[in-house]
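The block underneath contains the structure these notes are about, expressed in structure tokens.
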Amino acid sequence: METFRAPIGTHDVPPPASAWWEDALGRFAGLARRSGFGLLISPLFEDVAVFDRGIGATSDVATKEMYVFTDRGGRQLALRPEGTASVVRAFVQHRPPTPWKVWYATPAFRYERPQAGRYRQHHQVGVEALGSADPALDVEVIALAARFYEALGLRQVRLLVNSMGHPECRGAYVALLAQYLGAHATELCEEHRERAQENPLRVLDCKRPACVAVTERGPQLPDHLCEECRDHFATVREGLASLGLDTTLAPRLVRGFDYYTRTTFEFVSDALASAQNAIGGGGRYDGLAEQLGGPPTPGVGFGSGLERLRLAWEAEGAGDPAADPRADVFVVDTTGGQRATTLADALRRAGLVVERAYDQRSMKAQMRLADRSGAAVAVLVGPQELAADSVTIRDLRGAVEGAQVSVPASDVVAAVRERVTER
RNA sequence: GUGGGCGUAGCUCAGUUGGCUAGAGCGCCAGGUUGUGGUCCUGGAGGUCGCGGGUUCGACCCCCGUCGCUCACCCCA
């Protein structure tokens with residue numbers, strides 16, 4: 001019989017490890033809600049042009065990493081490779097009142113070779129805020145990410161910031177950079193020797209020593225911003241500082257999507273040894289709504305990868321490994337299981353976490369399962385209890401471990417609750 | 001796309017210079033216990049040694065191919 005595996009680059013998160021995901025998603029939802037972000041549900045796939053025009057048709061992600069397919073109606077669609085473009089598409093489609101603040105949790109798909117902290121399907125949480133250019137919104141978005149990491153117990157996180165200016169001052173800088181790179185073309189790495197003029201900003205991102213040596217001595221983005229962009233960036237940094245959030249200026253941080261303007265930022269985990277140490281990132285994208293056919297609308301947001309957060313969390317030893325969800329009570333029934341069905345239902349309706357055995361197992365086997373379930377008490381039903389319409393409640397843990405008492409079946413919820421809340 | 005490492009039980013792994021019915025721990029199941037868990041003792045189930053081909057009297061071991069996992073480059077979460 002042929003066996004199947006999850007497709008290359010994808011993975012399952014079975015329990016108990018998935019408990020961490022539930023916890024992280026819950027914390028993120030709470031933080032977002034308290035900051036006035038509402039949940040946006042949107043399709044996993046879009047017209048491929050949403051991403052081409054959104055993240056930039058020349059970007060690596062758009063050119064060679066997208067899962068593109070043609071549906072039965074001949075439409076060219078793509079699985080979302082990142083979160084922002086879809087959100088802005090939804091904004092343009094619905095034209096909600098601004099500021100429009102939404103959060104999301106979504107898988108993202110990129111066709112690339114998997115390695116540590118990199119998958120073909122990964123999962124992101126993020127927020128987007130459209131309709132305001134106020135630097136206070138940049139601060140709010142970045143702070144939300146920082147508070148999320150704190151809430152997960154992460155400590156070894158650094159915040160890198162940069163500003164890419166708006167199209168005009170960046171244009172002037174890019175021209176300057178192109179000229180500089182042209183003069184030093186022979187010193188660049190092999191890949192960029194030819195291609196530097198196509199997209200000069202990309203060279204800033206290159207980690208090869210040859211390129212780094214050239215770009216770190218060349219013109220720096222933050223030094224060439226117009227006055228407005230310079231002020232905006234300064235206000236963002238001051239705002240972050242006022243919240244106790246330290247920033248590291250990263251003048252060559254440009255990130256891989258073309259839509260960014262002004263503020264860009266990246267959170268890196270110093271606990272991750274691999275090259276994939278960015279646990280979250282984002283920035284401003286003041287021209288993106290217009291790119292997608294909407295009115296000129298400023299926007300800012302971030303996305304964070306759950307798989308990498310989990311890796312960072314593990315690397316930091318930030319918490320206990322996910323434990324099995326503990327049961328409150330385990331129902332043992334040696335009379336066939338019908339009583340277990342009704343007792344479990346009653347106890348669950350009372351809000352307790354209830355487990356039971358199946359397949360008419362022996363008393364010993366059921367008690368062993370009860371013990372391993374972590375339940376504080378076992379509710380036992382045998383022929384005697386069945387005849388008397390009672391149950392035996394046995395304490396499995398704590399000071400009174402092993403003690404047991406018989407109660408009428410009608411009192412089971414109260415009797416169990418009393419013992420469970422005690423622990 | 002390119003390169004390195006690795007594929008033996010559900011999991012983590014041993015397996016000698018190629019040589020007997022391929023092992024251990026954990027987990028799982030049963031018994032020791034005339035209704036009662038953990039610790040302990042005993043027993044049991046479970047493996048086409050990733051797959052295909054080759055060398056050999058003989059392959060888990062050597063060779064080739066292939067698939068998968070993993071790490072790295074590029075880029076990103």
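So A:V174 ticks every box in (1) aliphatic (A, V, I, L, M); (2) crowded, with 22+ Cβ neighbours inside 10 Å; (3) part of a helix (DSSP H, G or I) but one. Which box is left unticked? Unmet condition: (2).
The set of residues from the stretch A:83-102 being open to solvent by 30 Å² or more (accessible area, probe 1.4 Å) and not basic (K, R) comprises A:Q93, A:H94, A:P97, A:T98, A:P99, A:W100. Of the residues making up the stretch A:203-220, those that are away from RNA strand B (no atom under 13 Å from the Cβ) and of a type outside the set (A, V, I, L, M) are A:E216, A:R217, A:G218, A:P219, A:Q220. Count of the stretch A:244-294 residues, restricted to those that are out of contact with any Pro (no Cβ under 6 Å at 6 or more places or on another chain), charged (D, E, K, R) and in a loop (DSSP other than H, G, I, E, B), is 5.
Restricting the first member to the stretch A:4-26 and to residues that are on the phi < 0 side of the Ramachandran plot, and the second to residues that are aromatic (F, W, Y), the beta-carbon pairs closer than 9 Å and six or more apart or on different chains are A:T10/A:Y119; A:H11/A:Y119; A:V13/A:W20; A:V13/A:W21; A:W20/A:W313; A:A24/A:F148; A:A24/A:W313. For the stretch A:106-114, state whether one or more residues are over 27 Å from A:T297 (Cα atoms), open to solvent by 40 Å² or more (accessible area, probe 1.4 Å), in a loop (DSSP other than H, G, I, E, B) and touching a Leu at 6+ places or on another chain (Cβ under 7 Å). No, that holds for no residue. Candidates are the residues of the stretch A:332-388 that are surrounded by 13 or more Cβ atoms within 10 Å (Cβ to Cβ) and among the basic types (K, R); the one that is nearest to A:S410 (Cα to Cα) is A:R339.
For A:D23, state whether it is open to solvent by 50 Å² or more (accessible area, probe 1.4 Å) and closer than 30 Å to A:R326 by Cβ. It would help to see each step written out before you state the result.
Working: open to solvent by 50 Å² or more (accessible area, probe 1.4 Å): yes; closer than 30 Å to A:R326 by Cβ: yes.
The answer is yes for A:D23.
Check A:R89, A:R27, A:R72 and return the single one that is over 27 Å from A:T297 (Cβ atoms), in contact with a helix residue (DSSP H, G or I) (Cβ under 9 Å, 6 or more places away or on another chain) and in the same structural domain as A:L144 (by TED's automatic domain parsing). Talk me through it step by step, then tell me what you get.
Working: A:R89 fails: over 27 Å from A:T297 (Cβ atoms); A:R72 fails: in contact with a helix residue (DSSP H, G or I) (Cβ under 9 Å, 6 or more places away or on another chain).
Of A:R89, A:R27, A:R72, the one residue that is over 27 Å from A:T297 (Cβ atoms), in contact with a helix residue (DSSP H, G or I) (Cβ under 9 Å, 6 or more places away or on another chain) and in the same structural domain as A:L144 (by TED's automatic domain parsing) is A:R27.
Only one entry in A:A85, A:A78 is more than 12 Å from RNA strand B (Cβ to nearest atom), of a type in the set (A, V, I, L, M), in contact with a Phe, Trp or Tyr (Cβ under 7 Å, 6 or more places away or on another chain) and in contact (Cβ under 8 Å) with a residue 24 or more places away in the chain, namely A:A78.
Does A:G402 meet the test of being within 8 Å of RNA strand B (Cβ to nearest atom), exposed (fewer than 13 other Cβ atoms within 10 Å of the Cβ) and part of a loop (DSSP other than H, G, I, E, B)? Taking the combined requirement at face value, the residue satisfies it.
Working only within the stretch A:203-231, note down all residues that are open to solvent by less than 80 Å² (accessible area, probe 1.4 Å) and either without any contact (Cβ under 8 Å) to a residue 12 or more places away in the chain or on the phi > 0 side of the Ramachandran plot (or both). Quick ask: steps written out before the conclusion?
Here is the first cut: in the stretch A:203-231, the ones open to solvent by less than 80 Å² (accessible area, probe 1.4 Å) are A:203-206, A:210-215, A:218-222, A:224-226, A:229.
Result: A:V212, single match.
Taking the options A:L137, A:L154, A:L160, A:L181, name whichever one is surrounded by fewer than 19 Cβ atoms within 10 Å (Cβ to Cβ) and of a type in the set (A, V, I, L, M).
Details: A:L137 fails: surrounded by fewer than 19 Cβ atoms within 10 Å (Cβ to Cβ); A:L154 fails: surrounded by fewer than 19 Cβ atoms within 10 Å (Cβ to Cβ); A:L181 fails: surrounded by fewer than 19 Cβ atoms within 10 Å (Cβ to Cβ).
Of A:L137, A:L154, A:L160, A:L181, the one residue that is surrounded by fewer than 19 Cβ atoms within 10 Å (Cβ to Cβ) and of a type in the set (A, V, I, L, M) is A:L160.
Count, please, the residues in the stretch A:173-202 that happen to be in contact (Cβ under 8 Å) with a residue 24 or more places away in the chain and within 13 Å of RNA strand B (Cβ to nearest atom).
If we filter the stretch A:173-202 for residues that are in contact (Cβ under 8 Å) with a residue 24 or more places away in the chain, which is where we start, we get A:173-174, A:176-177, A:180-181, A:184, A:187-188, A:198-202.
Next cut, within 13 Å of RNA strand B (Cβ to nearest atom) only: A:188, A:198-202.
Residues flagged as in contact (Cβ under 8 Å) with a residue 24 or more places away in the chain and within 13 Å of RNA strand B (Cβ to nearest atom) within the stretch A:173-202 amount to 6.
Take the conditions (1) within 13 Å of RNA strand B (Cβ to nearest atom); (2) open to solvent by less than 20 Å² (accessible area, probe 1.4 Å); A:R326 misses just one of them, which is (2).
Quick one: in the stretch A:1-20, which of the residues that are hydroxyl-bearing (S, T, Y) and within 13 Å of RNA strand B (Cβ to nearest atom) is most open to solvent (accessible area, probe 1.4 Å)?
Out of the qualifying residues, it is A:T3.
If you go through the stretch A:24-83 and keep only what is within 22 Å of A:T98 (Cα to Cα) and in a helix (DSSP H, G or I), you end up with A:A29, A:G30, A:L31, A:A32, A:R33, A:R34, A:V50, A:G54.
Candidates A:A234, A:A289, A:A278: the one that is touching an Asp or Glu at 6+ places or on another chain (Cβ under 8 Å), in the same structural domain as A:A146 (by TED's automatic domain parsing), modelled with pLDDT of 90 or more and among the small types (G, A, S) is A:A278.
The values are calculated or read from the model by the stated rules, or taken from the named source; none is laboratory data. The structure presented is a predicted model; accordingly, all values stated were derived computationally and were not measured. All Cβ positions, even for glycine, are placed from backbone atoms using ideal geometry, and neighbour counts span all protein chains on display. Just the protein is used for accessible areas: all its heavy atoms, side chains included, with ligands, DNA and RNA removed. Shrake-Rupley method; radii C 1.70, N 1.55, O 1.52, S 1.80 Å.
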